[in-house]
Amino acid sequence: MSFSKRPIRRSQLVSPWGVGAIVPFPEGESLMIAGLDMWQFGNDKSAFVIHDERLEKRLGVKELRMPPDFRDSKTDRLNSNIRIPAVRFPLWNYCPFCGTMRKLTYYSGRDECPGYPWKTGRSCAGKKKKHKLIPERFIVVCSDGHIDDFPIAEWVHNNPRNPKPYNEETCVMRRSTGGMSASLSGVTYTCSCGASRSMAGAMNKNALKNIGYRCKGSMPWLGIERDDEHPCNNEDSQSENNQHVIRVVQRGGTNVWFADVRSSIYIPVDSSESSRHLLAVLNEVYDLICNSRINGEINRATVNMVAKLKHVDPDDLYDAVMQRLKGTTDIAAVTEDMPEDEYRLAEYDVLVKSSGGDALDFHSISNPISKYHPIIHKYFKNISVVPKLRETRAFVGFSRLQPDNSKSLADKKKMLSLGDVDWLPAIQVFGEGIFFEFNDGELDKWAHNPDVIDRIVKMNVSYQAMLKRQNLTGGVLSAKYVLIHTFAHLLINQLSYECGYGSSSIRERLYCEKSEGNLNMYGVLLYTASGDSEGSLGGLVRQGIPGRIEDTIVAALQSAKWCSSDPICIQSPGQGPDSCNLAACHNCALLPETCCETGNRLLDRGFAVGTLDKPEIGFFNDLILKLEK
């Protein structure tokens, strides 16, 4: 099955939907996006290929591809009428009028009510217009990524109060809702054989185990209804300490599918001395020249021919090609097992200085802190405005019930297809941003404050508990990371007021280790990016110039000094997801999910502006005191 007259944006196939996700459609229909080995790209795959050598090396694939878009045969004969493959899920469907249920197949079309007669209640039998069946909202999800229909037949017929054998050929199920209760007890399944049972207790511990249900290893997105070769070992337990669980959830729940998306900022390797025209030509012909190499060496004849056609000096073009190739040698150090902080270090080194240019997909202009008002000199080394940037986002896998970072990248990619694929779906977005490099000397001095140490210990308890639940290991949480992360949130909230962007369209990219390390990397990039080639309106860059960003920083800190939920918020011992925040709530520091890298975790407004009883704990406390005088 493929999407036909069911539109979906290409970027949505990376996040919030992708392989293995249930996509809702109008009139109650739901489909699950199929595996990568079922995707089609027409006769010209090069039209969908994205080039990002660093990210490809990091993910261990040969290429990245944009999800195919629908193209009419009149505009593109080679890649026309391409659709995203999908399977039907859940398989149990019911009639919204009479409640008659029917179990479909992964590849069946949308069915109508069969119109079975019932002794009591409404019936579609004999009616000319049949109602479309809609999918059941209860499903079973496994922490290993498996997913299946709720075992309705087993649940009804293994009822200890009314046990009756289930005959698949003769038994017809019916779903009904009613009564005064809006709980699970209000949903009842009745079989034509007389057996009946409500959903009451279906989500209790061992409820599935009591009816003899075990996870079948079902992977509908790959067409696997039961995996007998690789049986699942999960047990029906809802214990938080159990790493392997299966649960009854609703198909529209947020815990059904979590995307794992890896991103990378394009790093320029061209000399700033190169002319804009030469760089523009190089961007246009670079792939052509590289593909024409002989025994790995650049073909000078091809370079000379291209230079003549583009009206540039052949020696200058050759030198520019060689310089870009030399810059890619650093990619050899990139591996699949490289920590994220080490991978971002190369981006950090580019952002702290003026790099790139208008002819490239990256351009940063570094301003030393001396150009800005003295009120912020103490806290930052420099502030870079980034008029142009290109970000590549690749979908590498997914998890269920909760985000799972314990699996290796290779294991995650195995969940996306039946066979081996050497590519992953990705999108490229363009935009602008502001980069802040913090003063590491002041950070060290602040982080050794005994009150700061006591406060981060409280947060670290919740942080370590979260890592344990996710079967992960990590070092002691760094107060510097929490401070920089919180500053990013506070500033995004303020920038959304002053730049015209919605807060959901501004993202953060943190350049700081969560636990103390030796990278000496303390910065944050706030940027906006969209799929459009323009990508931005220039508002962030304009706000980042000297004489403007100082007012934005001051306003953000003044707003953070008092929250409308204080004193409850500022005195909180732990709040937010997994209780991993201290003074941070929706009224002060939390952002839409698209903005934050950690899901609105590891935030504390107290580290930025201080607490009620200890204002000196705030990193920016001196700035606030100057404003109050």
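What to note about this one:
- Selected residue [out of contact with any Cys (no Cβ under 8 Å at 6 or more places or on another chain), among the hydrophobic types (A, V, I, L, M, F, W, C) and more than 30 Å from residue 373 (Cα to Cα)] from 461, 452, 541: 461
- The range 10-43, residues that are touching a residue at least 24 places away in the same chain (Cβ under 8 Å), more than 29 Å from residue 334 (Cβ to Cβ) and assigned to a loop (DSSP other than H, G, I, E, B): 29, 34, 40, 42, 43
- For first residues located in the range 442-461 and within 21 Å of residue 473 (Cα to Cα), partners that are open to solvent by 30 Å² or more (accessible area, probe 1.4 Å) and lie 6+ apart or on another chain with Cβ distances below 7 Å form the pairs 458/573; 460/476.
- Scan of the range 597-629 for residues that are over 31 Å from the mean Cα position of the chain (by Cα), open to solvent by 70 Å² or more (accessible area, probe 1.4 Å) and not aliphatic (A, V, I, L, M), ordered by number: 613, 614, 616, 626, 628, 629
- Spans of helices (runs of 4 or more DSSP H) in the range 284-403 with at least 1 residues within 26 Å of residue 519 (Cα to Cα), open to solvent by less than 20 Å² (accessible area, probe 1.4 Å) and at pLDDT 85 or above: 340-351
- Contact annotation: residue pairs with Cβ atoms under 7 Å, 6 or more positions apart or on different chains, pairing a residue in the range 334-354 that is without any contact (Cβ under 8 Å) to a residue 60 or more places away in the chain with a partner that is surrounded by 13 or more Cβ atoms within 10 Å (Cβ to Cβ), are 353/366.
- Scanning the range 458-504 for residues that are touching a strand residue (DSSP E or B) at 6+ places or on another chain (Cβ under 9 Å), β-branched (Val, Ile, Thr) and open to solvent by 30 Å² or more (accessible area, probe 1.4 Å) gives a single hit, 476.
- Meets criteria (farther than 25 Å from residue 174 by Cα and either modelled with pLDDT of 85 or more or polar (S, T, N, Q) (or both)) for residue 80: yes
- Residue check, residue 426 closer than 20 Å to residue 343 by Cα and touching a strand residue (DSSP E or B) at 6+ places or on another chain (Cβ under 7 Å): yes
- Looking across 436, 362, 398, one residue alone is touching a residue at least 24 places away in the same chain (Cβ under 8 Å), under 23 Å from residue 523 (Cα atoms) and out of contact with any Pro (no Cβ under 9 Å at 6 or more places or on another chain). It is 436.
- Members of the range 553-596 that are among the acidic types (Asp, Glu), open to solvent by less than 60 Å² (accessible area, probe 1.4 Å) and within 29 Å of the chain's Cα centre (by Cα): 578
The values are calculated or read from the model by the stated rules, or taken from the named source; none is laboratory data. The shown structure was predicted, so the numbers you read here are calculated from the model rather than taken from an experiment. Note that we place each Cβ from the backbone using ideal geometry, even for glycine, and neighbour counts take in every protein chain shown. Heads up: the accessible areas ignore ligands, DNA and RNA and are worked out on the full protein's heavy atoms, side chains in. Shrake-Rupley method; radii C 1.70, N 1.55, O 1.52, S 1.80 Å.
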